[in-house]
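Please treat every number below as a calculation from the coordinates, not as lab data. Source: prediction; values computed, not measured. Quick reminder, even Gly has a Cβ in these numbers, built from the backbone with ideal geometry, and neighbours come from all protein chains shown.
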């Protein structure tokens, strides 16, 4: 029997077999949202009317005998930074309160065409800047494993929705780890595809050269199924890669890593990494060895500079990307009393519309790009980026994929790092190199840390446009761990009860 | 005593720099598929991309790249094997993204030149203007500031924004420093912009209409004491919207700057606005506290890497050079050098060619445009081509050739056309300007003249032909100048038995 705890693949099979309908599934998820989202706060907006209309249309079409795409009728939660025509899209910011985009992002167009039912928009750190979802202007999302803890960020809403069984699939975006780190701390799967693999058209930019939308799910296969829906060349995005989509579904089903060389990144373990995180990571390495993989230790010396380079490049680009929020054409407008000049209204709007982390990064980026500092900051950061790419290239000459823990720690308590931005930034130390190099990265649950009983993520990194390799390794690891545990990791999460 | 232009250029050496912005005539915008037609209802030619909606991304218009390469090739530039767009960051309500996507330190074409000719006291002189760069960018929207005294954003009651122009492809053509012009700086500037306009028109890449803003010129000018070899501080004059204004802006700035220098003041590096009415400039924003545009490579676009085979293919499609065309037309029309240069520098070559193509005799076509029409345009301080069309001039010339108009009447017709009284035929009808060629009407006037001067008539009958002049004059006077004098003479002599 299909329940909200089923995988997306199981739901899709039940829909195809006619044992459930999309309307039934959609209503079941809305019932769960109704029950638990008061405590979790994964969603910022629910589009019940649109979702049920899509579900009904898919059911009717299926009933008429039309052959349907694999995930048709399966519900999904959408991160609130992808535009969906007519549906509020805020990026977790007051700035865009009440804005309804006049167009669909390419990802949303593809989801709609695939018959996927978009339940609503999920919470996030404002403009995707953060690692805890505490920077949302609409209040934090709570980790279903422990409601006093963060669900990661920026895509904490999408990850929490999966872990709380409010949706079987979700879309996230990953600029420095915003898909993978939330996946790690919620015991779910999150994938950042190769840069250019999924169109950025309609993805509200934080840092254009790093942003990448990707699939979030509870299993590797579900992520792969969703990956194949949203990936592919898009002529509306100049940076989109014009090449066939890697066969990730096939790879996720292989469950075999015999003969594969897996590189363990020396620099992404040790100091700063929680002991329970490291022990689960090493157990997973053992599981892969048992499955026939060969481990190779790899050094990527320039990863030490990745965080510094990232915090120059991303703020620089964001200072420019977020300039458009000036109250002239959309979003909120503050202080327009008929007396003030346009410039004053812009200032007041930006003062009130942006939260402190966004302002911090705009100021950082404005400084880094300013005349006289450009070479020392933005210019040097781009050089570091090149060096990190070289580290990856050298490593991939020797191994098929690279692995590391996804995040240095398990979920921390809400409020714990709010006043310490540098500590917060360290959450992404292992995920950022992937974005800087534009390659693929995935986080797969690899158990619970002994000291706190919270989920740990295992990161797999694959060369550009070889996303299939990380799915192959991820799928194999997931199967090995499942047979060891006897049940999916989320079965160990506390059952949320409604109020 | 304030210096006049001649005194100014006797003491100071001007140095020019010209930046010309050209709107390409591509069907769609630089980074989206919106239409580019001029004059649409406000904000009807917009989409998420050119409105800078959150999430929207640019895609480069391939035709715009092609046009830019053609321009570079026609200006003898090298085409960069790798060029990029950058973001120029600044806040302004008519900038949808609050950054302009523009090429910056990696333009598509560099290092070219354009040869021009100017008239000097010693005859025609060739002059080479070196081109620094040709780069692509997008236009901004248009603001209309309502209320307030100045029409500027400060002090306005409210502002209206039209984003139809936002994202229209622009090409900017920047010269290197143009020195050594001496007192001919205004002529060099005008000849350069004229030649550039002709090249762009021949390429078919732009409408190059300065009045509509599809071609705009910024004039950089500095002065240094004669013989010092130094470079002075420059001003940048914007809003120079006609060929004539280019020349006037240079003169205006030479006079203004020289008089500041004379009185011991320094020149402020600033943007100035050209005032069409007075030929002077007023200060715009000062560049001394230069805005920091925080340029960086546009991460939403990939580099422009044109294939060398494609560049060569484009080179092979370049049309006849305007200089070659001029030589051809000069030979066809048998025009002396000096007059040809006048035609070119007055920007009249195209209209004269059109007028001739419409059947007018070449000498008449030239002399009408360069003479009467230009004279009237000068009086009104406008471009001759804005006053009257080639078809109207051709019609007037045809009427002269058929004997329906005398030169004197034709001038009145041209005046009427310019005054907005309609086409030549309408002006002739309204003003009743037809040549009196009706023999009956003329005979009546002739008989009246004979009756009033019987003694003169007798002398003519007696063989004194030259005496006919007085009677012809009387007939012409009586017909208000509308009679054909030759015809009057013929009829008069015949009537008096000569």
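A crude spin-label estimate for the pair residue B:451 and residue B:113, with each label 7 Å from Cα along the Cβ direction, gives 7.7 nm. Compactness ratio for region B:439-495: Cα radius of gyration over 2.2 N^0.38 Å (N = residue count) comes to 0.98. For region A:357-499, the spread of Cα positions along the three principal axes, ordered from largest to smallest, is 59, 46, 25 Å.
Helix B:468-478 and the long axis of chain B differ in direction by around 60°, with both axes built from C-alpha atoms.
What separates the Cα centres of region A:416-463 and region B:94-111 is a distance of 37 Å. Counting every pair of alpha carbons in region B:46-198, the share spaced more than 26 Å apart comes to 45 percent. Ordering A:234, A:391 from the fewest to the most neighbouring beta carbons within 10 Å gives A:391, A:234. Under 11 Å from the 7 Å Cα→Cβ point of residue A:394, by amide nitrogen: which residues of region A:243-265? None, by backbone N distance to the label point. Shown here is the pair-distance distribution of region B:218-350: with all Cα-Cα distances grouped in 10 Å bins from zero up to the longest one, the shares run 10, 23, 21, 27, 17, 2 percent.
Neighbour counting of Cβ atoms within 10 Å sorts the residues B:90, A:138, fewest neighbours leading, into B:90, A:138. Averaging over all projection directions, the Cα-based convex hull of region A:193-263 occupies 6.0 nm² in the image plane. Extents of the protein assembly as shown, taken as max minus min of Cα coordinates on every principal axis and listed largest first, are 140, 73, 59 Å.
Our compactness index for region A:5-127, the C-alpha radius of gyration over the empirical 2.2 N^0.38 Å, is 1.07. By DSSP, the beta bridges lying fully in the protein assembly as shown are antiparallel in about 80 percent of cases.
Short-range pairs are left out: with C-alpha atoms under 8 Å and at least six residues apart, the relative contact order of chain A is 18 percent.
What's the Kirkwood radius of region B:322-431 in Å, using all Cα pairs?
14.1 Å
Label positions at residue A:233 and residue B:386, each projected 7 Å from the Cα along the C-beta direction, are separated by 4.9 nm. Rounded to the nearest 10 degrees, the angle from helix B:243-262 to the longest Cα principal axis of chain B is 70 degrees. For region A:397-445, the fraction of C-alpha pairs more than 13 angstrom apart is 66%. Per-residue ellipticity at 222 nm for chain A, helices alone: DSSP H runs ≥ 4 residues times -39500 (n - 2.57), over residue total, nearest 500 deg cm²/dmol? The helix-only estimate for chain A comes to -12000 deg cm²/dmol at 222 nm. For chain A, the Cα-based Rg and Dmax, in that order, read 21.3, 73 Å.
Relative contact order of region A:390-483, taken over Cα pairs closer than 8 Å and 6 or more residues apart, is 31 percent.
Counting Cβ atoms of other protein chains within 10 Å of each residue's Cβ and taking the mean over peptide A:322-333 gives 5. Put the Cα centre of region B:322-372 next to the Cα centre of region A:231-295 and the gap is 74 Å. Quick one, what does Rg over Rh come out to for chain B if you take C-alpha atoms and the Kirkwood Rh? On the Cα set of chain B, Rg over Rh gives 1.09. Placing a label point 7 Å from the Cα of residue B:318 along the Cα-to-Cβ direction, the residues of region B:171-215 with a backbone N closer than 16 Å are B:195-205.
Relative contact order for chain B using alpha-carbon pairs under 8 Å, separation at least 6, rounded to a whole percent? Contact order relative to length: 14 percent. Relative intensity of region B:1-91 on a log10 scale, I(q)/I(0) at q = 0.17, 0.20 Å⁻¹, equals -0.92, -1.14, per a Debye sum over C-alpha point scatterers of equal strength in the absence of solvent. The Stokes-Einstein estimate for region A:106-247, based on a Kirkwood radius over Cα pairs and taken at 10 °C with 1.306 mPa s viscosity, is a diffusion coefficient of 107 µm²/s.
Computed log10 I(q)/I(0) for region A:222-375 at 0.10 Å⁻¹: -0.72, from the Debye equation with unit scatterers placed on every C-alpha and solvent omitted.
Between 0 and 90 degrees, the angle of helix B:390-401 with respect to the longest Cα principal axis of chain B falls at about 20 degrees. When B:460, A:363 are sorted by how many other C-beta atoms sit within 10 angstrom of their C-beta, beginning with the fewest, the order is A:363, B:460.
Taken as Cα centroids, region A:121-171 and region A:60-116 sit 19 Å apart, rounded to the nearest whole angstrom.
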